[in-house]
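A single structure is presented below for examination.
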Amino acid sequence: MITRTAVVAAETGLHARPAALFAKAAAESPVPVTISVGEKAPVAAGSLLQLMTLGVGCGDTVTLHAPDGADEVLDRLVTVLETDLDH
């Protein structure tokens, strides 16, 4: 299992449009990816509903988890999270 951390750049956090765009990118990944924040249990990164339950805001640090060898997938998803998707 590998992990990456990212700071969420979207002004609204992982809500509405930014959450939908991130969930779509994660769902299209060839490997399962989960996301967690703080002490909350990881959820499926490709599930918009599960993402919304995390309550991630702008500036929050999240952790992405994927199987070994999925470095490029996680790097791409970190880039999505660290881009202001509100604009």
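So which of G59, G46 ends up being under 15 Å from L85 (Cβ atoms), without any contact (Cβ under 8 Å) to a residue 60 or more places away in the chain and assigned to a loop (DSSP other than H, G, I, E, B)?
Details: G46 fails: under 15 Å from L85 (Cβ atoms).
Just a single option satisfies the conditions, and that option is G59.
Can you tell me how many residues within the stretch 1-20 are surrounded by fewer than 16 Cβ atoms within 10 Å (Cβ to Cβ), within 19 Å of C58 (Cα to Cα) and touching a residue at least 12 places away in the same chain (Cβ under 8 Å)?
The total comes to 5.
Still on this structure: Evaluate the stretch 44-60: report whether one residue or more is hydroxyl-bearing (S, T, Y) and out of contact with any strand residue (DSSP E or B) (no Cβ under 6 Å at 6 or more places or on another chain). Talk me through it step by step, then tell me what you get.
Pass one, the stretch 44-60, residues hydroxyl-bearing (S, T, Y): 47, 53.
The next check asks that each one be out of contact with any strand residue (DSSP E or B) (no Cβ under 6 Å at 6 or more places or on another chain); those that pass are 47, 53.
For the stretch 44-60, residues hydroxyl-bearing (S, T, Y) and out of contact with any strand residue (DSSP E or B) (no Cβ under 6 Å at 6 or more places or on another chain): present.
Let's see how each residue does on (1) of a type in the set (A, V, I, L, M, F, W, C); (2) in contact with an Asp or Glu (Cβ under 6 Å, 6 or more places away or on another chain); (3) closer than 21 Å to M1 by Cα; (4) open to solvent by less than 70 Å² (accessible area, probe 1.4 Å):
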site: A23; (1), (2), (3), (4): yes, no, yes, yes
site: T53; (1), (2), (3), (4): no, no, no, no
site: A66; (1), (2), (3), (4): yes, no, yes, yes
site: V78; (1), (2), (3), (4): yes, no, yes, yes
site: L85; (1), (2), (3), (4): yes, no, no, yes
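The values are calculated or read from the model by the stated rules, or taken from the named source; none is laboratory data. Quick caveat: nothing in here was measured; it's all calculated off a predicted structure. Every residue, glycine among them, receives a Cβ derived from its backbone with ideal geometry; neighbour counts consider all protein chains shown. To get the accessible areas, we keep the full protein, side chains included, count just its heavy atoms, and leave off ligands, DNA and RNA. Shrake-Rupley method; radii C 1.70, N 1.55, O 1.52, S 1.80 Å.
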